[in-house]
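A short write-up of the structure that comes next.
The values are calculated or read from the model by the stated rules, or taken from the named source; none is laboratory data. In this text, all values refer to a predicted model and were calculated from it rather than measured experimentally. Cβ coordinates were reconstructed from backbone atoms using ideal geometry, including for glycine residues, and neighbour counts include every protein chain displayed. When the accessible area is computed, the model is the full protein with side chains, heavy atoms only, and any ligands, DNA or RNA have been set aside. Shrake-Rupley method; radii C 1.70, N 1.55, O 1.52, S 1.80 Å.
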Amino acid sequence: MRPVWWGFGLLAALTLLLALHPVVAAGEPSGGHQAVQKGDCAMCHVTPGVAAPDRAGSCVSCHEWVRSVSQNPSARAKAMEFFPLWPRYERNVASYFAVPDLGVAAARLDPAWIQEWLGNPHDLRPAMPETMVRLGLSSAELGEIAAWFGAQQVPVPATPTPDPSNIEAGKNLFATRGCIACHSFGAVYPGPGIPAAPDLQHSRKRMKADRIVAWIQNPTALHPKAIMPNLGISLADAIQLRDFLMLADPGGSTAKAPAKLTKLPRPSCDGSSPPSSTPTVRWEQVESQVFGKICVHCHMDPAQNEGRAGPGNAGGFGWAATGIELQSREGVAKHAPAILEAMLRRREELPRDVVLPGQIPANIQRPTKPGMPLGLPAIPDADIQLVATWMGEGCPG
Ligand code: HEC
Ligand code: HEC
Ligand code: HEC
Ligand code: HEC
């Protein structure tokens, strides 16, 4: 029998081996503060005024923990004893290592942009695999979040209006002052840069002109936890860089949706006919490639996890509970048709949520329900095909 890695053992080990995240100072209770809690922002983001959840409830700190243990030989040896699937975990964990700090975001981003973008987010960081999730919050709640973030900004000095005659000089500075080591700028400097640094083609919508200048001159003056270093840029150079970022044509082609996947077998796991007696795909394979590797992190079986069910099962990010656990074969079989549809919906969202270096996010009509896996790249076509084949064979064990 395959041991369950997710359950008590991992939780207990986490509590024993590791200190919890420091608790952030409490902010003023407000509508924005409540909406931030309802949206579970702190599962992924360092969030001002909200305590970080414990490791077992945080997408970020558990993934970081897996990586840090795998780099420490004695901790790794202990983990291998405790979790027989350890080598698979460390091979697979790839996401949530550079999720932006919301304090740093609040310090520089325009609240109006935050509100609009939270309602229909798009990929900002070409070197980061995961994207911001679609939230199940109302536009009033998003407005409260944006206002709450906006209230945290320090004032910045006024600067001259952006001037197109600075574009060339700003472009040269961008290449020579080290910006391209971390950032892309559309198709002009396609990077892809480091995971934490946004593609600066979006900044003209995200930031006010004066604040871009202040940020380029000294990011940590706007927020002490800014990752971008102070590069000693003069005011005059910061203005030229800003004018390049705000006025130059970033070029680039619009990201395209992949062609529709057709001829997928129809799921037949509802018990009306027995599973194929000569199956080509087994549960073990779809578990290790899709459901156990990715989906279970939000769709847990509470019976195997001390009552924890995850945001995709018990509700989260503002969405209501679905009751869908994807940890057991039975749980997956029960929702086979909806699962296949949800995975196909994610492909439709890709041109907005996965934007490669040099591309522009597409404006698309999103499916009403979010595609799955939420906030992550779509399951590769070969794996969707594999899942469909397994479902067509009656979801054999
Ligand atoms: C499941 C993880 C997850 C949750 C939950 C989540 N986010 Fe995010 N968020 C991300 C990721 C990943 C990014 C980076 C996206 C990118 O750069 O393309 C992001 C980016 C952002 C940004 C842009 C910041 C910047 O520096 O560019 C804002 C603002 C934001 N999120 C707000 C929120 C708020 C508010 C909530 C809660 C209501 C929330 N997020 C919940 C994963 C999450
Ligand atoms: C208790 C630790 C833990 C927590 C909490 C956790 N994960 Fe994971 N995550 C893992 C491990 C271990 C793997 C590798 C699983 C495997 O391959 O069997 C993984 C793999 C993944 C993967 C596939 C590989 C990758 O990194 O892209 C995704 C996606 C993922 N987790 C998303 C999430 C999300 C979203 C959350 C928060 C809702 C979360 N995880 C919370 C431990 C955790
Ligand atoms: C060592 C990596 C690094 C270098 C070099 C760097 N940046 Fe950044 N920059 C970042 C990161 C990471 C962020 C995201 C916020 C943070 O610092 O936490 C950022 C954010 C920004 C932003 C805010 C944009 C937005 O849309 O949110 C601007 C503008 C910016 N950088 C401009 C520049 C310019 C101009 C240069 C060159 C003079 C430069 N950066 C050099 C890492 C870097
Ligand atoms: C980051 C967390 C997260 C991940 C990862 C995730 N889900 Fe979900 N899932 C959710 C949330 C939240 C909902 C509720 C959304 C809603 O109400 O439409 C949901 C809803 C669903 C639904 C119900 C949709 C419907 O028709 O009502 C299905 C089916 C589903 N997920 C399948 C999957 C599959 C399959 C995977 C892996 C490929 C996956 N999920 C990965 C969070 C997640």
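Of all residues in the range 177-232, none satisfies the criterion of being within 16 Å of ligand 2 (Cβ to nearest atom) and not in a loop (DSSP other than H, G, I, E, B).
How about the range 27-52: which of its residues are aliphatic (A, V, I, L, M) and either open to solvent by 40 Å² or more (accessible area, probe 1.4 Å) or within 23 Å of A226 (Cα to Cα) (or both)? Residues satisfying the conditions are V36, A42, M43, V46, V50, A51, A52.
Regarding the range 251-264, can at least one residue be identified that is within 30 Å of I339 (Cα to Cα), of a type in the set (K, R) and within 28 Å of the chain's Cα centre (by Cα)? If you could, list the steps in order and put the result at the bottom.
Filtering the range 251-264 for residues within 30 Å of I339 (Cα to Cα) gives 254-264.
Then keep just the ones that are of a type in the set (K, R); that gives 256, 260, 263.
The next check asks that each one be within 28 Å of the chain's Cα centre (by Cα); those that pass are 256, 260.
Scanning the range 251-264 turns up at least one residue that is within 30 Å of I339 (Cα to Cα), of a type in the set (K, R) and within 28 Å of the chain's Cα centre (by Cα).
In the range 83-132, what count of residues is obtained for those that are assigned to a loop (DSSP other than H, G, I, E, B) and either more than 16 Å from ligand 4 (Cβ to nearest atom) or assigned by TED's automatic domain parsing to the domain that holds P224 (or both)?
At the first step, the residues of the range 83-132 found to be assigned to a loop (DSSP other than H, G, I, E, B) are 83-85, 93-101, 109-110, 120-132.
Going one step further and asking which of them are either more than 16 Å from ligand 4 (Cβ to nearest atom) or assigned by TED's automatic domain parsing to the domain that holds P224 (or both), we end up with 83-85, 98, 100-101, 109-110, 122, 124-127.
So the count comes out to 13.
Among the numbered conditions (1) farther than 22 Å from M128 by Cβ; (2) over 27 Å from the mean Cα position of the chain (by Cα); (3) touching a residue at least 24 places away in the same chain (Cβ under 8 Å), tell me where Q217 comes up short. Q217 satisfies every listed condition except (3). Residues in the range 180-231 that are over 21 Å from I114 (Cβ atoms), open to solvent by less than 20 Å² (accessible area, probe 1.4 Å) and out of contact with any Phe, Trp or Tyr (no Cβ under 8 Å at 6 or more places or on another chain): S184, G186. Selection of first residues in the range 320-346 that are within 16 Å of ligand 2 (Cβ to nearest atom) and of second residues that are small (G, A, S) and open to solvent by 50 Å² or more (accessible area, probe 1.4 Å), restricted to Cβ pairs under 6 Å at least 6 apart or on distinct chains, gives the following pairs, ordered by first then second residue: A321/A314; R329/G397. Considering only residues that are assigned to a helix (DSSP H, G or I), touching a residue at least 40 places away in the same chain (Cβ under 8 Å) and open to solvent by 20 Å² or more (accessible area, probe 1.4 Å), which ones fall in the range 53-77? If the condition is that a residue be assigned to a helix (DSSP H, G or I), touching a residue at least 40 places away in the same chain (Cβ under 8 Å) and open to solvent by 20 Å² or more (accessible area, probe 1.4 Å), then R55, A56, C59, C62, A75 are the ones that fit. If you go through the range 137-150 and keep only what is open to solvent by 20 Å² or more (accessible area, probe 1.4 Å), touching a residue at least 12 places away in the same chain (Cβ under 8 Å) and either within 22 Å of A98 (Cβ to Cβ) or assigned to a loop (DSSP other than H, G, I, E, B) (or both), you end up with just L137. Within the range 246-268, the set of residues being on the phi > 0 side of the Ramachandran plot and surrounded by 13 or more Cβ atoms within 10 Å (Cβ to Cβ) comprises G251, G252.
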